[in-house]
Each structure stands twice: as C-alpha cells, then as structure tokens.
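For reference, the structure discussed in these notes is given below.
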Amino acid sequence: MRVLYVYCHPLPESFHAAIRAKALDGLKAAGHDVDLLDLYAEGFDPVLSEDARRHYHDTSRNQSGLEDYVRRLQSAEALVVQFPVWCFGMPAMLKGFIDRMFMPGVAFDISDPERVKPMLGNLKRVAGIVTYGRPRWMAITMGDPPRKIVKRMLRATIRPGAPVSYLAHYSMNLSTDETRKAFTTKVAARMDQF
C-alpha cells in the first residue's frame, strides 16, 4: 500500500524522530511504499493567504502552488499523521497543512452544500501518532481537539468505513526511557500490521 506519512516536528533530535524511525521501519517491514512528507524539512507554507482564502471554493484555482502535495495526497492509499500536541492542539504547521490541503476539489465535493461528499476515497486507512505533555484526563477535559480532527474530520473525507486509529503517548512531561520505549515498540507493531 502507498502510505503518505505526514511528519510534523521541528527538531531532528526529538523523541518524535525516534517514533518516526520505528514507524517507518514497521511500515517498510510490512511491505508498504512510504512517501515521507516532513512538513518542516520540506518548508511547507501553512499560511492560508488572502488570495488562497478568496479562491478556496474555486476548484480551478485553489490548488495553485500546492499541486505536488495534492498529487501525493491523492495517490496515497493510506495516511499517517505524526505530531506532538502543544497547548492541547496540533502544531500550527500541521493545522495549516490540513486547512490548505483538505479543501474543495481535493478532500471533498461541496458543489451541493447540503450533501458534501468525501473525495479521498483512495485513502483506505488513516492513523494518528501523537504525544501529549499532559495526562489523558486533561486532554479529555480540554475536549481533545487533535483526536477529534484525526478521528472525525479526516475520517469524513476518506473512503466510508475506512479504519482510523489513534496512537497516543500521554504524560510526556513525566515519561521515562521505559514508557518511551514501550510506545515506540507499540507504534512499530501497529505500523507493521497497518
């Protein structure tokens, strides 16, 4: 399966880099063809400009400057998004990617606003790989927007009934070598079964 792996962390030496290495190993061991999209390394521009917003609903113009990213998203059969949760939200870089890429003509057809239709039927599976500084109960108290975006919003744009998984490591502020190793091992195993 062709997997678009969207990675969002600015530090190459972070724990997220270790998670990514294990996840990629698991996906490759399972025989998947992985397209790594490192948002920071590729210099993705997350800003929705005035012009881009003005033409957001114009499917003849809204992909301007994003054609390669659109091609990669539309040619994938699965999507993995990996990111840290900061202030109980996604990093601005990833939120900007979603705002700019999951648009009319790419992620959904809004020609009939009462019956919006998903357009990413090529995606047969989605996974989120996430870390939180705080415990799960605090994320729940805050409404856990990152989980909802992955498990609800992204799900609404892909093949109906496709599985969406969410692997989260909570309490990173209190994590140990053992808890981090357990999480990377879990991620590798889940990606090996992806």
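Would you say His9 is closer than 25 Å to Gly143 by Cα, open to solvent by less than 70 Å² (accessible area, probe 1.4 Å) and not small (Gly, Ala, Ser)? Before the answer, list the steps.
On the way: closer than 25 Å to Gly143 by Cα: yes; open to solvent by less than 70 Å² (accessible area, probe 1.4 Å): yes; not small (Gly, Ala, Ser): yes.
Yes, satisfied.
Out of Ile158, Ile140, report the one residue that is touching a residue at least 12 places away in the same chain (Cβ under 8 Å) and of a type outside the set (Lys, Arg). Reasoning before the result, please.
On the way: Ile140 fails: touching a residue at least 12 places away in the same chain (Cβ under 8 Å).
The match here is Ile158.
Report whether or not Asp51 is surrounded by fewer than 20 Cβ atoms within 10 Å (Cβ to Cβ) and in contact with a Ser or Thr (Cβ under 9 Å, 6 or more places away or on another chain). Step through it out loud before you land on a result.
Values: surrounded by fewer than 20 Cβ atoms within 10 Å (Cβ to Cβ): yes; in contact with a Ser or Thr (Cβ under 9 Å, 6 or more places away or on another chain): yes.
Yes; evaluated as a whole, the condition is true for this residue.
Tyr56 - would you say it is open to solvent by less than 60 Å² (accessible area, probe 1.4 Å) and touching a helix residue (DSSP H, G or I) at 6+ places or on another chain (Cβ under 7 Å)? Give the derivation first.
Working: open to solvent by less than 60 Å² (accessible area, probe 1.4 Å): yes; touching a helix residue (DSSP H, G or I) at 6+ places or on another chain (Cβ under 7 Å): no.
No.
So which of Ala18, Ala52 ends up being among the aliphatic types (A, V, I, L, M) and under 25 Å from Met191 (Cα atoms)?
Working: Ala52 fails: under 25 Å from Met191 (Cα atoms).
Matching residue, one of Ala18, Ala52: Ala18.
Those residues that are surrounded by 13 or more Cβ atoms within 10 Å (Cβ to Cβ), among the hydroxyl-bearing types (Ser, Thr, Tyr) and free of Cβ contacts under 8 Å to residues at least 40 places away in the same chain, I need them from the range 59-82; list them, please.
Listed by number, the list holds a single entry, Tyr69.
Could you check the range 1-53 and list, in sequence order, the residues that are part of a loop (DSSP other than H, G, I, E, B), hydrophobic (A, V, I, L, M, F, W, C) and either under 23 Å from Asp68 (Cα atoms) or within 16 Å of the chain's Cα centre (by Cα) (or both)? Quick ask: steps written out before the conclusion?
Initial filter on the range 1-53 (part of a loop (DSSP other than H, G, I, E, B)): 1, 8-14, 30-32, 39-49.
Checking which are hydrophobic (A, V, I, L, M, F, W, C) leaves us with 1, 8, 11, 30, 39, 41, 44, 47-48.
Within the range 1-53, Met1, Cys8, Leu39, Ala41, Phe44, Val47, Leu48 meet the criteria.
Give the residue, chosen from Arg152, Arg115, Arg159, that is of a type in the set (D, E, K, R), surrounded by 14 or more Cβ atoms within 10 Å (Cβ to Cβ) and over 20 Å from Gln63 (Cα atoms). Don't jump to the end; show me each part of the working.
Values: Arg152 fails: surrounded by 14 or more Cβ atoms within 10 Å (Cβ to Cβ); Arg115 fails: surrounded by 14 or more Cβ atoms within 10 Å (Cβ to Cβ).
Matching residue, one of Arg152, Arg115, Arg159: Arg159.
Residues that are of a type in the set (A, V, I, L, M, F, W, C) and in contact with a strand residue (DSSP E or B) (Cβ under 9 Å, 6 or more places away or on another chain): which helices (runs of 4 or more DSSP H) entirely in the range 73-181 hold 3 or more of them?
Working: elements: 92-101, 136-141, 145-148.
Those helices (runs of 4 or more DSSP H) span 92-101.
The values are calculated or read from the model by the stated rules, or taken from the named source; none is laboratory data. Nothing here was measured: the structure is a model prediction, and the numbers come from that model. In this analysis, Cβ positions are derived from the backbone assuming ideal geometry, glycine residues included, and neighbour counts consider all displayed protein chains. Protein only, heavy atoms only, side chains kept; ligands, DNA and RNA dropped before computing areas. Shrake-Rupley method; radii C 1.70, N 1.55, O 1.52, S 1.80 Å.
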